[in-house]
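The block underneath contains the structure these notes are about, expressed in structure tokens.
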Amino acid sequence: IRVTNTPDVLTDDVADLAIGLMLAVLRRICECDKYVRSGAWKFGDFKLTTKFSSKRVGIIGLGRIGLAVAERAQAFDCPISYCSRSKKPNTDYKYYDSVVELASNSDILVVACALTPETTHIVNRQVIDALGPKGVLINIGRGGHVDEPELVSALVEGRLGGAGLDVFEREPEVPEQLFGLDNVVLLPHIGSGTVETRKAMANL
């Protein structure tokens, strides 16, 4: 039996999805789709959405995927900052040694680190409140990175502006309170779920 690890193969897909989630949350893409399908457009224009370009993007974990997200976000003129175990020597991105400080200086916070005992619930109430009522959380890491009850309460209470989530703490279970929120985009853990990448993974 051959056992392999395929982290490099899925980098592009996961990073692409992170950008897609940012756009979907800020531009209300899923909500707009429902608006058109329901026939509501006949009775008036959709409300204004939020621009993505030039938003401050903070990344937790600047590994392969974190770097790929940063490169893509830069194409939208987004200033990039990050928090990791140590400062990366070959990048000019702004470094913060505190996730709370990173969140305080970000419009969008992306979780892209590995899940370890140290990073479990790394996004807690303090981090969420630092991101604030206009902030957006994107989780393409693991569900365990985020304290889900705190995330749910922040979204329901308006203490966080929105979230794009591809992962959850107890998959496939998802907090039902999220289902009725228009400022949240929920995906069924499809980060590497493309035909091309799954074929490449199988061929390794």
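Data table
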| read-out | value |
| --- | --- |
| Residue that is surrounded by the most Cβ atoms within 10 Å (Cβ to Cβ) [pool: residues in the stretch 73-112 that are touching a residue at least 12 places away in the same chain (Cβ under 8 Å) and polar (S, T, N, Q)] | 106 |
| Residues (touching a residue at least 24 places away in the same chain (Cβ under 8 Å), out of contact with any Asp or Glu (no Cβ under 9 Å at 6 or more places or on another chain) and of a type in the set (Asp, Glu)) located in the stretch 13-63 | 16 |
| Flag for residue 70 being assigned to a helix (DSSP H, G or I), surrounded by 12 or more Cβ atoms within 10 Å (Cβ to Cβ), out of contact with any helix residue (DSSP H, G or I) (no Cβ under 8 Å at 6 or more places or on another chain) and at pLDDT 95 or above | yes |
| Qualifying residue in the stretch 76-93 (condition: in a strand (DSSP E or B) and among the small types (Gly, Ala, Ser)) | yes |
| Test: residue in the stretch 5-20 that is modelled with pLDDT of 95 or more and in contact with a Phe, Trp or Tyr (Cβ under 6 Å, 6 or more places away or on another chain) | no |
| The stretch 5-32: number of residues that are assigned to a loop (DSSP other than H, G, I, E, B) and aliphatic (A, V, I, L, M) | 0 |
| Filter result for the condition that a residue is of a type in the set (Lys, Arg) and more than 30 Å from residue 196 (Cα to Cα), over 27, 37 | 37 |
| Subset of the stretch 56-67 [surrounded by fewer than 21 Cβ atoms within 10 Å (Cβ to Cβ) and either touching a helix residue (DSSP H, G or I) at 6+ places or on another chain (Cβ under 6 Å) or of a type in the set (Lys, Arg) (or both)] | 56, 64 |
| Number of the exception - residue 145 against (1) at pLDDT 95 or above; (2) over 22 Å from residue 117 (Cα atoms) | (2) |
| Count - residues of the stretch 33-54 that are surrounded by 10 or more Cβ atoms within 10 Å (Cβ to Cβ) and either among the acidic types (Asp, Glu) or part of a helix (DSSP H, G or I) (or both) | 6 |
| Single condition residue 100 does not satisfy, out of (1) within 19 Å of residue 50 (Cβ to Cβ); (2) in contact with a helix residue (DSSP H, G or I) (Cβ under 7 Å, 6 or more places away or on another chain); (3) of a type in the set (A, V, I, L, M, F, W, C) | (1) |
| Selection status of residue 135, touching a residue at least 60 places away in the same chain (Cβ under 8 Å) and not basic (Lys, Arg) | no |
| Top-ranked residue in the stretch 118-130 [being in contact (Cβ under 8 Å) with a residue 12 or more places away in the chain and out of contact with any His (no Cβ under 9 Å at 6 or more places or on another chain); ranked as surrounded by the most Cβ atoms within 10 Å (Cβ to Cβ)] | 127 |
| Residue match in the stretch 177-184 (condition: within 30 Å of residue 95 (Cβ to Cβ) and either at pLDDT below 95 or out of contact with any Phe, Trp or Tyr (no Cβ under 8 Å at 6 or more places or on another chain) (or both)) | yes |
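The values are calculated or read from the model by the stated rules, or taken from the named source; none is laboratory data. All of these numbers come straight from a predicted model, not from anything done at the bench. Don't worry about glycine lacking a Cβ; one is built from the backbone with ideal geometry, like all the others, and counts go over all protein chains shown.
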